[in-house]
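Before any comments, here is the structure.
The values are calculated or read from the model by the stated rules, or taken from the named source; none is laboratory data. Keep in mind that what you see is a predicted model, and the values were worked out from it rather than measured. Neighbour counts are summed over all protein chains in view; Cβ atoms, including those assigned to glycine, are modelled from backbone coordinates with ideal geometry. Heads up: the accessible areas ignore ligands, DNA and RNA and are worked out on the full protein's heavy atoms, side chains in. Shrake-Rupley method; radii C 1.70, N 1.55, O 1.52, S 1.80 Å.
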Amino acid sequence: MAAVCAAAMVGMSLLVTGCGQRYAEPYDSLAQVPEKLAANGTTITVGDPTAEVTVHLYEDMRCPYCEEFETVGGGHELQQAVLNREVKAEYTLASFLDDRLGGSGSKKAANALRAALEGDRFAEYHEVLYDNQPEEEDDGFTDARLLELAGQVDGLRTPALESAVKTMKYRAFVTDSERAYERAGTAEEQSRGQGPGTPTAVIDGVKLPEEIGGALYDGKLFGELLEAIRDRPGEWQEYKDYKPLPDPEDYGY
């Protein structure tokens with residue numbers, strides 16, 4: 001049987017470790033990674049659709065904590081896991097910081113990223129935008145700046161992208177994405193018109209507990225977490241209904 005399995009895979013671009021275990025070769029770069037808009041119209045998926053683990057991120061492009069995660073925290077480990085086909089990443093783009101701080105940078109950046117998805121350049125552009133994120137209070141994601149940064153992604157800055165950026169072509173997507181972010185919050189958060197905060201990571205349907213939320217900003221720990229979830233998915237699912245212990249101060253202790 002082992003010989004039959006091996007013979008069947010000859011000539012295919014898959015690495016075979018045994019019957020029933022097939023691992024596709026890693027992607028060489030983000031440019032090769034498949035991207036698509038989910039049926040719900042707001043979730044952007046990046047990676048092999050058959051990947052064993054799904055990491056869903058809620059981000060606001062003006063959020064400095066999201067930038068920390070993406071540039072010096074767990075973002076690099078997530079990207080490598082996506083390239084290795086071990087994980088697929090999902091993104092919901094919030095834009096609440098525009099209303100909180102004034103301006104339109106979050107909305108404009110989300111619109112531009114949606115436009116980049118049309119050319120299969122979302123992941124590359126997403127990386128460039130976080131590498132060049134302005135200060136949170138600085139409404140720096142202007143049309144001109146977004147188009148300038150698009151020039152850093154091979155083949156992205158086209159007349160179609162320029163038109164989409166300048167006309168806010170995907171305004172409805174931006175609005176719907178913010179609403180999807182708000183619906184992801186707790187009942188209390190939703191009553192205040194708020195979402196779960198950014199960045200928030202939901203891995204295989206389980207929200208990363210606050211007690212270990214620091215792993216988002218430590219690449220080594222985040223990588224180890226992803227590995228542990230791949231190896232022991234059942235244990236991770238036990239956190240689905242996890243509730244943190246009450247703070248003793250709430251009871252006057």
Selected residue (criterion: nearest to L113 (Cα to Cα)) from residues of segment 61-76 that are surrounded by 22 or more Cβ atoms within 10 Å (Cβ to Cβ) and among the hydrophobic types (A, V, I, L, M, F, W, C): M61
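Looking at segment 38-60 only, could you name the residues that are assigned to a strand (DSSP E or B), open to solvent by 10 Å² or more (accessible area, probe 1.4 Å) and under 21 Å from N111 (Cα atoms)?
We begin by selecting, within segment 38-60, every residue assigned to a strand (DSSP E or B); these are 44-46, 53-60.
Still in the list and also open to solvent by 10 Å² or more (accessible area, probe 1.4 Å): 45, 54, 56, 58.
Hits for segment 38-60 are T45, H56, Y58.
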Test D98 against the criterion of being in contact with a helix residue (DSSP H, G or I) (Cβ under 8 Å, 6 or more places away or on another chain) and open to solvent by less than 40 Å² (accessible area, probe 1.4 Å), and give yes or no. yes
Being free of Cβ contacts under 8 Å to residues at least 60 places away in the same chain, closer than 30 Å to A116 by Cβ and buried (at least 18 other Cβ atoms within 10 Å of the Cβ) narrows V165, V174 down to just V165
When you check A112 against the structure, is it over 12 Å from the mean Cα position of the chain (by Cα), open to solvent by less than 30 Å² (accessible area, probe 1.4 Å) and at pLDDT 95 or above, yes or no? yes
Taking M9 and the conditions (1) open to solvent by less than 50 Å² (accessible area, probe 1.4 Å); (2) at pLDDT 95 or above, which numbered condition does it fall short on, given that it satisfies the others? (2)
